[in-house]
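Take a look at the structure below.
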Amino acid sequence: MTPHMMLNTRSLTPPSRTYYIRETVVVAAKVRNENGRAFSNGRKGSIATLRPAAASKVRNGWKADARSLLVKLVAVAVATSQSHLHAPRRGVCDSQGQELKQQGETMATVAGELPVGGRRDDHLSGTPRAHSADRWIFVAMAMWFIGIVLVGFIPDSMMKVGMVRAGARAPFPLVLHVHAVLMGSFLLLLLAQTLMVATGRCALHKQVGVAAFVLVPALVVVGLLLAPTMYYQVWGGAHFGPPQVRAALAPVVPLLENILLLQINAGVLFAAFMTIALRARATHSGLHKRMVFLATAVPLGAAIDRMSWLPSSMPANPWATDAYVLAALAPLFVWDVVRHRRIHQAYVLFLGLYVPAAALVIVAWDKPWWHAAAHRIMGV
C-alpha cells in the first residue's frame, strides 16, 4: 500500500487470524480523531484519507473487534494466573506419594484435584505453605544428625581400637559391629529418603522406604542384645579378671547399670515413635516425616555422651544428655513454628512420651533399688 493510497475495507481484510489480531491492534492504535477523516500509517507526512462513511464503518468494526480481543486476552491472563497459582510445584508429591507433573495437566484437572480455597499440602512439610525450603529443611536435618553421630563416635571408636590393639581392652563383640552397620544404614536411608522426596522422586522414595520395615526391627532387636553383651563383658572382667583389671572395671559396672536405663529408654521410645511414623506414612505425610526424625533423635544421646569436650552432668545425672537431644531437634522445631505459625502435633506426641520417660530415668538413676533391679534383669 502506497503512502497516499485510498483505503477501503477489502484492502484491510486479514488473510489469517494471527495477522488479523496484529493488524487490529496496530490499526486501532493509529486512529487519530473521532470522525475518521485522518488516518496515520506511521510515516511522517504520509496521511491516507478515508471518506467519512467508510471510515466510520471500518472504525466501528475495529472497535468491536478490539473489545472482543481485549476480553479474550483478559480471560486468558486470568486463567493462566490461576493455573500458576494453584498448580503444584514440580517435585512435590500428593498424599499417595505420586509425583505431580505440572506440565501437561489441564486447568480443569488441576482445579478438580485441589481443595477449595487453598493450596495442596506440601508432601514433606504437611502444610499448605509449600515451598522448596520446606522440603530441604529435612535434608539438612538428616545431614545434621549424621554429623552428630560422626563427631561423637569416630574419636571414641579410634581410641578404643587403639586400646584393643594394645591389649588394654577386650576386642569388640560381633553384635557391636552389627549394630554399627545397622545404625549407619538407617541414617543413610534417612538422608536418601529426604533427598528423593525433595527432588521429586517419590515413586523411588516409596520403593526404598520398604527397607525401614527391616532396619527398624533389626535395630531394636540388636540393641536389646548389645546392652547385656557389653554388660557381661565388663562384669566378667570386674569379677574374674586379673587383679589390675578387676580394680579398673569395678567402678564401671554401676555406671553400665545406670546406662542400661538410657538404653532401655532409647529402645522403647525409638520403637514407639517409628511405629507411629510408619503407620502414618500413607495418611499423614507431615506426621510421618517428623516422627521419623523425632525417633532418630532419641538414640543420638549415645553419640552426645561421647563428646567429652561438651559440658555434661554425666555420670552423676543424665539430664544434660536429654537437653542436648532436644537442642539437636531445635532447628526443625523452630523452623516449623516460625514458618507455619503453629506447633505440629508430632512434637506434642514426642514430648508427651519423651519428657515422662526422661523423668523416670532421672528418678531411678544410681538408686540402690535400680542397681538391684539391674542385677535381676541381667541375671547376675
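Nothing in this text is a laboratory measurement; each read-out follows from the coordinates by a stated rule. Note that the structure is predicted; figures quoted are calculated from it, not measured. Backbone-built Cβ (ideal geometry, glycine too); neighbour counts: all protein chains shown.
Give the long-range amide H neighbours of Ser313: residues separated by 5 or more places, or on another chain, with amide H under 5 Å away, using H modelled in the peptide plane at 1.01 Å from N.
Distant-sequence amide H within range of Ser313: Ala320, Thr321.
Using a/c under 1.5 as the rounded threshold, could you call the range 256-380 rounded, prolate or oblate? The axes a ≥ b ≥ c are square roots of the C-alpha gyration tensor eigenvalues, and prolate needs a/b larger than b/c, oblate otherwise.
Prolate, since a/c reaches 1.5 and a/b exceeds b/c.
Quick one: what are the phi-derived ³J(HN,Hα) couplings along the range 341-352, Karplus 6.51/-1.76/1.60 with θ = phi - 60°, whole Hz, x for glycine and proline?
6, 7, 9, 5, 5, 4, 5, 5, 4, 4, 5, x
From the gyration tensor of the Cα coordinates in the range 132-378, what semi-axes in whole Å does the equivalent ellipsoid have, largest first, with each one equal to sqrt(5λ)? Working shown, then result.
On the way: eigenvalues 236, 80, 54 Å².
Output for the range 132-378: semi-axes of 34, 20, 16 Å.
Ala323 to Leu360: extension gain in nm, 0.36 nm per residue of separation minus the Cα-Cα distance? Can you show the working numbers first?
Values: separation 37, 0.36 × 37 = 13.32 nm, distance 1.50 nm.
Residue separation times 0.36 nm, minus the Cα-Cα distance, leaves 11.8 nm.
Going by Cα centres, the range 273-321 and the range 142-165 are how many Å apart?
Spelled out, the Cα-based centre of one part sits 18 Å from the other.
I need the phi-derived Karplus couplings for the range 245-258: 6.51 cos²θ - 1.76 cosθ + 1.60, θ = phi - 60°, integer Hz, Gly and Pro marked x.
Values per residue, Gly and Pro as x: 5, 4, 5, 6, 8, 4, x, 7, 4, x, 5, 5, 5, 5 Hz.
Arranged from highest to lowest average of other beta-carbon atoms within 10 Å per residue, in what order do the peptides 251-264, 332-345 appear? Each step should come with its number before you reach the end.
Values: 251-264: 18.1, 332-345: 14.6.
For the peptides 251-264, 332-345, the packing ranking is 251-264, 332-345.
At 0.36 nm per residue, minus the direct Cα-Cα distance, what do Ala316 and Ser68 gain on full extension? Give it in nm, one decimal, please.
Numbers: separation 248, 0.36 × 248 = 89.28 nm, distance 8.27 nm.
Result: 81.0 nm gained on full extension.
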